[in-house]
Structure formats: C-alpha cells, structure tokens
1. With every protein chain present, what is the per residue accessible area of the chain (1.4 Å probe, Å²)?
2. Could you give the size of the charge dipole of the chain about its Cα centre, using +1 on the Cβ of each K and R and -1 on the Cβ of each D and E, expressed in debye and rounded to the nearest 20?
3. Could you list, in their original order, any pairs among 157/321; 102/265; 116/136 whose Cα atoms are separated by more than 28 Å?
4. Considering the chain as a Gaussian network with a 10 Å cut-off on Cα pairs, which listed residue, 251, 37, 319, attains the greatest mean-square fluctuation?
5. Hey, if we sort 30, 322 by accessible area with the 1.4 Å probe, largest down, what's the order?
6. When all protein chains stay in place, what accessible area (Å², nearest 10, 1.4 Å probe) is found for residue 63?
7. Leaving ligands, DNA and RNA out of it, work out the accessible area of residue 19 with a 1.4 Å probe and give it in Å² to the nearest 10.
8. Taking a 1.4 Å probe, which of 91, 154, 159 shows the most accessible area, and what order do the others take after it?
Amino acid sequence: MSNLLQLQNQDWPEPIVRVQSLSQSGSFVLPPTYIKPPSERPCHNSLQTNEVGDIPLIDLSGFDDEALGGGISDAVGKACKEWGFFQVVNHGVSPRLMRAAKAAWREFFYSPQEVKEEYANSPNTYEGYGSRLGVKKGAVLDWSDYFFLHYRPHSLKDHKKWPAYPSSCREETEEYNRELVNLCGKIMKILSVTLGLGEKYLQECFGGEDIGACLRVNYYPKCPQPDLTLGISPHSDPGGITVLLPDDQVPGLQVRKGDSWVTVKPVSDAFIVNIGDQIQILSNGIYRSVEHRVIVNSGKERFSLAFFYNPRSDLLIQPSKLLVTPERPAMYQPMTFDEYRLYIRTRGPQGKAQILDSLKSTSNSTPPCNNMG
C-alpha cells in the first residue's frame with residue numbers, strides 16, 4: 001500500500017519536453033536524452049519481414065459464435081504460440097470508423113500546444129497527454145508523444161478528460177472504443193476455445209463484463225537520427241490483449257522473433273492483435289506475450305491507436321488449474337492486475353526478462369486459478 005500511495009503522489013522527475021516540439025525545431029542532432037546504448041539501437045538484430053516471414057494474417061469473416069473452432073481457431077492458436085501476434089481482417093469494425101478515429105486524433109496532435117497542454121498528464125494515472133513512461137530520473141527516453149484515456153470500467157471513463165478539440169474527437173473515440181470492446185470479446189472467445197477451455201472461461205477470469213479497457217494514441221514525429229533511438233523501447237504489454245490500429249503507410253512496429261527484430265508490414269484496414277502478460281499467465285505460458293518495440297524515421301511521422309483490454313484490476317490472475325499438470329506446473333505467482341500494473345509503472349518499458357519472467361513461480365505448489373468459466 002505504501003508503494004501505491006507513493007506513486008499517487010509522484011510527479012515527473014524532470015521537466016517534460018514534447019517530442020513534437022523537438023522534431024519541429026529543425027535540429028539535425030538528437031538530444032542525448034534520447035540516444036539509446038548501441039545494443040538497444042534499431043539497427044541491432046533487425047530483420048525485414050521477407051527474411052523470416054511476417055506475423056500471420058487471419059480472416060475473421062467466418063467467425064460464428066455457434067461454431068467456434070475450425071480454421072480460424074487453429075490459425076489463432078498457432079499464431080499465439082509461435083508469434084504472440086497476428087493481424088485480423090474482416091473483423092467487423094467499419095473502415096470508415098477506423099479512419100475517422102485516426103483522423104480526429106491526428107488533428108488533436110496538430111492543434112496548438114496550449115490546447116494540448118490542457119490535458120498534460122502525471123505518473124499518478126498516466127491519463128492525458130504525455131511524453132514519457134516511467135519515473136526513473138535520468139532515464140533514456142523514447143521518441144514519442146501520446147494520449148492515454150480510460151474507457152472501462154465506466155467509473156473511470158470521463159469524457160471531460162478527453163480532447164474537446166477537434167469537436168468530433170470525443171464522439172468518434174467513444175464509438176471506436178465501443179466497437180473495439182466487441183471485437184476483443186470475440187477474440188477472447190477464440191482464445192478460450194483454442195486453449196481447450198469453455199468459450200467464456202477467459203472472459204470470466206477477466207471479470208465477465210466488468211473488465212478494464214483503455215486507449216493510448218501514439219504519435220511518432222520525424223526524428224533527425226532515427227538510427228540512435230526508438231519510438232517505444234522493447235516491452236511486452238502488461239494487460240490481457242492489445243488491438244493496434246497501425247499507420248498502414250509507415251511501418252514501425254517490430255516484433256521479437258528469437259534473437260532478432262522483425263518489422264511488421266501492416267495490411268490496409270487490418271488490426272494487429274497481440275497477447276498480453278495476463279493471458280500468458282492464465283494460459284500457464286502456452287500463449288506468449290512477446291516483446292515488441294517501435295522504430296522511427298527521419299522522413300515520415302507515424303500515428304497509431306493501441307486499445308488495451310484488461311482484467312478487472314482487483315482480480316487475482318494466475319495460471320488456470322485446467323492448464324496445470326504435473327508435467328507443466330504453475331509457472332507464475334498469483335498477482336492482481338493492479339499490483340502488476342504498479343510494478344510496471346515504476347519501471348517504464350523494459351525488456352520482458354526484467355518484468356514477467358521475474359515473476360515466475362519459484363514453487364510448484366502455487367494454487368492455480370479455480371474459475372471454471
């Protein structure tokens with residue numbers, strides 16, 4: 001509890017500098033605060049997709065609540081085990097809405113600085129307009145600005161904290177988030193079935209309809225020396241599943257595959273879906289929450305919308321007892337999502353080995369999740 005109170009009273013350790021303003025300054029030199037160590041720079045172990053293939057592309061047009069299973073479920077299960085990532089098309093979300101939501105947020109980031117600063121955030125909740133993750137003083141920062149907002153539970157959603165400019169932003173974002181909740185519900189059913197569980201199992205582990213959901217809009221301005229920095233450092237997503245609306249004109253997302261980084265080639269009107277840490281824990285490591293990062297470039301800016309679908313924050317998340325066997329004992333310690341999120345927020349984006357792997361169970365006697373779904 002003392003750690004939570006300390007976090008609630010924190011402010012940023014150094015004055016905030018907006019990356020967009022640095023990009024627009026015309027400097028040809030990257031500020032030292034953003035220069036990564038040589039081993040963490042984007043040229044280190046990066047591969048193009050044609051060298052190892054791309055993340056799987058899955059057509060959801062055949063999805064049917066009455067007939068879960070078959071080709072779609074097989075493809076999703078294989079993708080979750082081998083990549084932790086996949087793209088979906090024919091997902092049921094209108095391409096018009098996808099483009100409208102992205103356009104509204106692009107207009108927000110193009111608005112006058114004083115308009116954006118009305119929504120400046122703090123590390124207490126990260127809600128609002130921000131330019132850094134983590135509160136470690138002297139940390140090497142990422143080349144990005146963002147806007148973070150809550151959508152579920154309803155008690156956390158506050159339209160007054162969402163941008164009033166452009167005038168369409170709140171309405172488009174509300175509709176977009178509502179559609180994404182529906183899409184995530186479909187994906188959760190598919191994940192449950194592919195794990196050999198009842199189709200409602202994972203959803204019930206998350207709290208049924210009482211789940212958490214939030215949106216982070218990412219803006220990656222042009223960078224004078226993109227080979228020295230990253231838009232977002234390597235990390236795995238702490239929540240349940242993430243649905244990303246990428247910039248399909250400017251690739252930037254890279255996914256770890258073995259010891260290399262694979263650049264994802266976005267498909268028009270597709271979403272990129274990835275498994276988060278909570279699903280890896282519930283699946284007892286069968287499904288993988290894979291490290292990923294974002295690269296930037298000097299010639300083009302990028303926008304993306306990341307929708308995070310999470311368990312109810314006070315529920316204990318641990319390996320499902322249906323997936324725990326003598327041959328595969330419980331791999332992770334029980335922890336609520338609130339506790340896990342606090343662990344993440346005090347450190348910022350870090351490599352997976354320093355976060356999820358550090359929480360692996362040291363005893364095979366850890367009681368597994370008893371939810372029967």
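The values are calculated or read from the model by the stated rules, or taken from the named source; none is laboratory data. Being a predicted model, the structure only gives us computed values, none of them experimental. Neighbour counts run over all protein chains shown; Cβ positions are idealised from the backbone, glycine included. Areas reflect the complete protein model, heavy atoms only, side chains present, ligands, DNA and RNA absent. Shrake-Rupley method; radii C 1.70, N 1.55, O 1.52, S 1.80 Å.
1. That works out to 43 Å² for each residue.
2. Approximately 680 debye in magnitude.
3. 157/321
4. 37
5. 322, 30
6. Taking all protein chains as shown, residue 63 has close to 50 Å².
7. It works out to around 0 Å².
8. The ordering from most to least exposed comes out as 154, 159, 91.
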